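Below: the structure, in structure tokens.
What follows draws every value from the coordinates through simple rules; no lab data is involved. The model shown is predicted, which means the values in this text are computed figures rather than measured ones. Counting neighbours? That spans all protein chains shown, and the Cβs are built from the backbone with ideal geometry, glycine included.
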Amino acid sequence: MLDFLQQSLNGFATGCIYGLVALGFVLIYKASEIVNFAQGDMLMLGAFVGWTALDVLGFGYWPGLLFTILACAAIGFLLDRQVMRPIIGQPQFAGIMLTIGLAFTIRGGVIMIWGPEERSFHTPFSNKTTAFGSLAVDDVSLSIVAGTLVLCAVLFIFFRRSRLGVAMQAASQNQLAAYLMAIPVKTVNSLVWGLSAGVAAAAGMLLAPSLLVDTNLWIVVLKGFGAAILGGFGSIPGAVVGGMIIGVSEQLVGVYLDPESKGIAAYVILLAVLLVWPQGLFGGAERKRV
């Protein structure tokens with residue numbers, strides 16, 4: 001039982017990262033109905049910007065984390081304003097292809113600027129463990145869980161209590177009605193892209209101490225996309241819960257069944273759930289009047 005709890009917690013921490021990536025998918029999809037396949041590359045970019053802030057610019061961890069989130073949020077804001085906005089009104093396929101192109105562009109830009117070498121940076125949680133009775137937990141894993149919970153709480157308060165958050169929700173539900181109510185829909189969409197990029201950057205900073213700062217970090221987008229679908233594409237709580245389910249399940253499968261099956265466990269669970277709940281765990285059928 002102790003080993004089961006240990007492995008479950010490790011999977012839970014990994015699932016939190018998947019959930020944050022899925023959260024970025026959901027935020028942009030709700031605002032513009034575009035599936036942003038560059039989300040994983042924004043996470044990877046966040047890890048490199050974080051390394052630069054800590055090891056090159058000499059920031060402390062917390063100022064470096066804030067700097068990384070703000071810098072990547074600004075990049076996300078500009079990507080929507082300068083790259084995505086011209087395709088408004090075009091078929092969804094155009095948006096998908098453009099975000100795939102953005103993903104390759106970001107990846108290539110990171111390699112040109114920083115090179116393909118792996119890097120690492122020290123955090124206040126590195127090489128430390130915390131004991132809960134007989135259970136020893138890596139502090140890096142605890143930081144991932146705590147960071148995810150804090151981000152979710154901040155986003156919940158932001159969307160429920162702030163005028164901008166309410167405006168974002170209104171624009172995501174009906175852009176025409178929001179526009180008629182004097183909400184600047186285009187600016188709100190750009191802010192959503194910035195918010196999504198900031199969440200991805202935070203996930204990159206949390207994940208990098210475990211997997212190093214590497215250009216292959218973008219691949220986490222595959223699990224994040226699965227988590228978004230599992231939770232119900234368009235559901236913010238579903239994105240986080242879906243990520244946690246995938247993280248825990250693949251960890252347990254890799255330890256107790258077959259390590260080689262760890263990579264496909266998430267997709268087997270995804271297919272099984274969708275056979276029973278086609279809209280995902282927290283999704284609902286959407287109807288539009290045409």
**Message:** Under a Cβ-only charge scheme (Lys and Arg +1, Asp and Glu -1), can you give me the dipole magnitude of segment 197-290 about the Cα centre, in debye to the nearest 20?
**Reply:** 480
**Prompt:** Taking trypsin sites (Lys or Arg not before Pro) that fall in a DSSP loop and have at most 15 other Cβ atoms within 10 Å as cut points, what is the longest piece of the chain between them?
**Reply:** 129-286
**Prompt:** Taking amide hydrogens as modeled 1.01 Å from N in the peptide plane, which residues meet the under 5 Å criterion relative to THR129, leaving out close sequence neighbours?
**Reply:** ASP139
**Message:** Based on the alpha carbons, how large is the Rg to Rh ratio for segment 140-261 when Rh follows Kirkwood?
**Reply:** 1.04
**Request:** Would you look at the GNM of the chain, springs on alpha carbons closer than 10 Å, and say which of VAL220, VAL166, VAL110 moves the most?
**Result:** VAL166
**Message:** Just to confirm my numbers, what's the Cα centroid distance between segment 119-190 and segment 37-70 in Å?
**Reply:** 16
**Item:** Approximate spin-label separation GLN169-ASP55, in nm, with each point projected 7 Å along Cα-to-Cβ
**Value:** 4.2
**Asked** What are the DSSP H helices in the chain that stretch 30 Å or more along their long axis, judged by alpha-carbon atoms, and whose average Kyte-Doolittle hydropathy comes to at least 1.6?
**Response** 139-161
**Request:** Between ASN216 and LEU78, with labels modelled 7 Å along Cα→Cβ, what's the label distance in nm to one decimal, could you check?
**Result:** 3.0
**Request:** Determine the gain in length on full extension of the stretch GLN7-PHE156; use 0.36 nm per residue of separation and subtract their C-alpha separation, reporting nm with one decimal.
**Result:** 50.8 nm
**Fill in**
Placing +1 on each Lys and Arg Cβ and -1 on each Asp and Glu Cβ in segment 1-158, then taking the dipole about the Cα centre, the residue among ILE28, LEU149, VAL110 whose Cα reaches farthest towards the positive end is ILE28
**Message:** To the nearest 20 Debye, how big is the dipole of the chain about its Cα centre, given +1 on the beta carbon of each Lys and Arg and -1 on that of each Asp and Glu?
**Reply:** 1240
**Message:** Quick check for me: using +1 on Lys/Arg Cβ and -1 on Asp/Glu Cβ, what's the dipole size of segment 1-148 about its Cα centre, in debye to the nearest 20?
**Reply:** 380
**Request:** For segment 119-132, just list the computed ³J(HN,Hα) in residue order, Karplus coefficients 6.51, -1.76 and 1.60, θ = phi - 60°, integers in Hz, with x standing in for Gly and Pro.
**Result:** 9, 8, 9, 8, 10, x, 9, 5, 6, 10, 10, 10, 9, 10
**Under 30 Å, Cα to Cα: Lys pairs in segment 2-276, sequence gap 8 or more or different chains** = 6
**Message:** Students often get this wrong: which residues of segment 211-241 have the backbone nitrogen under 15 Å from the point 7 angstrom along Cα-to-C-beta of PHE104?
**Reply:** none
